[in-house]
Amino acid sequence: MARIDGAMFSICVLMASLFIMVSMVDSSGGFIRIGFGAPTCTQVVGVNDGDTCFAIEQGFNITSDFFDSINPNLNCTALFIGQWLCVDGIGI
């Protein structure tokens, strides 16, 4: 009888684990990013006249995904002169 209880417990743990994994997947098929706080910026640059996000990414040899992760909520179509942008650090 104890073996049945142990097997039932194992099945319950397996089912709970499966439920947790399924609940962490979003509709696009990827895992939902669980935030661990804000990004950490270690280097910034000020926007100059004519700068674009693409030009800054190219100038600092960083990918757009990384740039976006260290500058969350940045609107690249509304940059302004003197705006500080992060160009190195740890993204979210």
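Descriptive notes on the structure:
- All helices (runs of 4 or more DSSP H) inside region 1-74 with 2 or more residues being modelled with pLDDT under 95, of a type in the set (Val, Ile, Thr) and more than 29 Å from Gly89 (Cα to Cα): 2-23
- Residues (not small (Gly, Ala, Ser) and not in a helix (DSSP H, G or I)) located in region 75-92: Asn75, Leu79, Phe80, Ile81, Gln83, Trp84, Leu85, Cys86, Val87, Asp88, Ile90, Ile92
The values are calculated or read from the model by the stated rules, or taken from the named source; none is laboratory data. Given the structure is predicted, the values throughout are model-derived calculations rather than measurements.
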